[in-house]
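Report on the structure given below.
The values are calculated or read from the model by the stated rules, or taken from the named source; none is laboratory data. Fair warning: this is a prediction, and the values are worked out from it, not measured in the lab. Positions of Cβ are backbone-derived with ideal geometry, glycine not excepted, and every protein chain shown enters the neighbour counts.
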Amino acid sequence: MQISFAAEKTLGKLSKWLRILGLDALYDPEINGGEFFDQVRAGRILLTRTRRVQEKHGSSRLIFIHANDPFDQLREVIGALGLKFEDTRPFSRCIECNIPIEPIEKESVRNRVPDYVWDTQENFQQCGHCCKIFWPGSHTRRSMERIRRLFDSGAGEKADNNVLE
């Protein structure tokens with residue numbers, strides 16, 4: 001399932017978590033919600049916490065986010081779309097650029113990662129845009145546990161009450 005989002009500037013942490021899940025999530029904190037959504041191409045699901053944006057784009061596909069906590073916001077999105085864990089590809093996108101990351105040879109990251117990481121890790125990935133390097137560390141394991149709990153909790157059950165089409 002290929003889903004693309006556009007999130008207004010108040011939803012930065014939600015955007016980061018969507019990217020961690022491997023979902024395409026446009027986010028630009030420098031542009032106001034209304035202006036940002038006007039520039040977004042069709043086909044993206046708009047994520048907003050602003051009533052004006054909801055009213056203006058009511059005929060567009062939009063999810064109005066009620067929660068303040070980013071993980072609760074993520075539950076809202078997952079529930080609204082009925083997403084399942086199988087619909088995600090965790091740790092496949094750059095959390096900064098939203099670009100899919102690609103495997104990179106270990107030797108090419110020598111002196112670009114901490115010595116301990118170089119000594120203990122074999123698999124590395126890199127963003128082709130910002131060149132940020134990623135590796136599976138303890139943060140990856142903790143995030144995967146949190147993601148599994150999220151999907152095990154039934155958050156993926158369809159809840160159409162906040163999706164407008």
Can you tell me how many residues in segment 119-136 are in contact (Cβ under 8 Å) with a residue 12 or more places away in the chain and more than 19 Å from the chain's Cα centre (by Cα)?
4
Output for segment 65-110, where each listed residue is hydrophobic (A, V, I, L, M, F, W, C) and more than 18 Å from Leu23 (Cα to Cα):
Ala67, Ile104, Val109
Identify all residues within segment 1-16 that are surrounded by fewer than 22 Cβ atoms within 10 Å (Cβ to Cβ) and either touching a Leu at 6+ places or on another chain (Cβ under 8 Å) or acidic (Asp, Glu) (or both); write none if there are none.
Met1, Ile3, Ser4
Among residues of segment 81-106 being assigned to a helix (DSSP H, G or I) and modelled with pLDDT under 95, the residue nearest to Gln2 (Cα to Cα) is Asp87
For segment 62-73, give me each residue that is surrounded by 14 or more Cβ atoms within 10 Å (Cβ to Cβ) and within 10 Å of Leu11 (Cα to Cα).
Ile65, Pro70, Gln73
